[in-house]
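Here's the structure we're looking at; comments come further down.
The values are calculated or read from the model by the stated rules, or taken from the named source; none is laboratory data. From a predicted model like this one, the values you see are computed outputs, not experimental measurements. Every residue, glycine among them, receives a Cβ derived from its backbone with ideal geometry; neighbour counts consider all protein chains shown. These area figures cover heavy atoms from the full protein model, side chains too; ligands, DNA and RNA do not enter into them. Shrake-Rupley method; radii C 1.70, N 1.55, O 1.52, S 1.80 Å.
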Amino acid sequence: MKHTTIDDCRIIDIRKYTDNRGYLSVIEEGLDIPFEIKRVYYLYLVPEAARGAHAHKKLQQLLIATSGSVDAIMDDGQNKKTFHLDKPWKGLLIPSGLWRDLENFSGGAVLMCLASEKYNADDYIRDYKVFLKFKGQ
Ligand code: T46
């Protein structure tokens with residue numbers, strides 16, 4: 001979607017069950033997440049480098065730092081907002097049509113992504129100028 005803004009991104013609380021054995025978190029399609037989960041992938045052992053630097057035309061995502069922390073800098077072409085992800089029971093819901101940079105991965109960070117679509121290289125916009133055009137700017 002072309003008209004999404006950074007205000008459409010939101011942090012959700014992921015259900016957690018706690019007892020003296022520790023924590024268990026669960027994400028169930030139709031209950032905890034507003035899209036069908038078609039793919040799961042995760043980033044880990046990230047050196048001191050940024051990842052991301054792209055937008056998705058159609059893909060919606062939920063990003064969770066299941067371990068460690070990472071900054072997701074969201075950009076709608078006009079405004080930017082940084083979300084610091086550092087808890088396995090917090091997820092960042094990202095609608096389609098927003099640019100993201102992923103920075104400051106802590107040592108041992110694991111960033112998991114639940115995605116609404118299967119992998120499609122054509123869904124990516126990797127050129128910021130093309131992204132601005134896509135947003136109508
Ligand atoms: C995103 C951030 C959080 C596949 O073959 N299948 C897949 O499902 C994915 C996600 C990637 N790949 C291949 C394509 C590239 O050759 O893995 C390689 C690295 O992917 P990419 O350069 O897109 O990695 P990031 O960190 O820039 O972005 C990834 C996701 O692609 C993207 O959707 O939001 O993680």
Given 114, 132, which one is open to solvent by 40 Å² or more (accessible area, probe 1.4 Å), of a type in the set (A, V, I, L, M) and touching a residue at least 40 places away in the same chain (Cβ under 8 Å)? 132
Candidate set: the stretch 13-36, residues that are surrounded by 16 or more Cβ atoms within 10 Å (Cβ to Cβ) and within 22 Å of residue 118 (Cβ to Cβ); chosen: the one nearest to the ligand (Cβ to nearest atom): 35
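Condition check ((1) open to solvent by 80 Å² or more (accessible area, probe 1.4 Å); (2) part of a strand (DSSP E or B)) across all residues:
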position	(1), (2)
63	no, yes
66	no, yes
77	no, no
81	yes, yes
97	no, no
119	yes, no
Under 7 Å between Cβ atoms, at least 6 apart or on separate chains: pull out the pairs that start in the stretch 22-43 with a residue that is under 26 Å from residue 103 (Cα atoms) and end on any residue that is within 16 Å of the ligand (Cβ to nearest atom) and among the aromatic types (Phe, Trp, Tyr). 39/119
Of the residues 49, 55, which single one is under 23 Å from residue 5 (Cβ atoms), within 11 Å of the ligand (Cβ to nearest atom) and among the small types (Gly, Ala, Ser)? 55
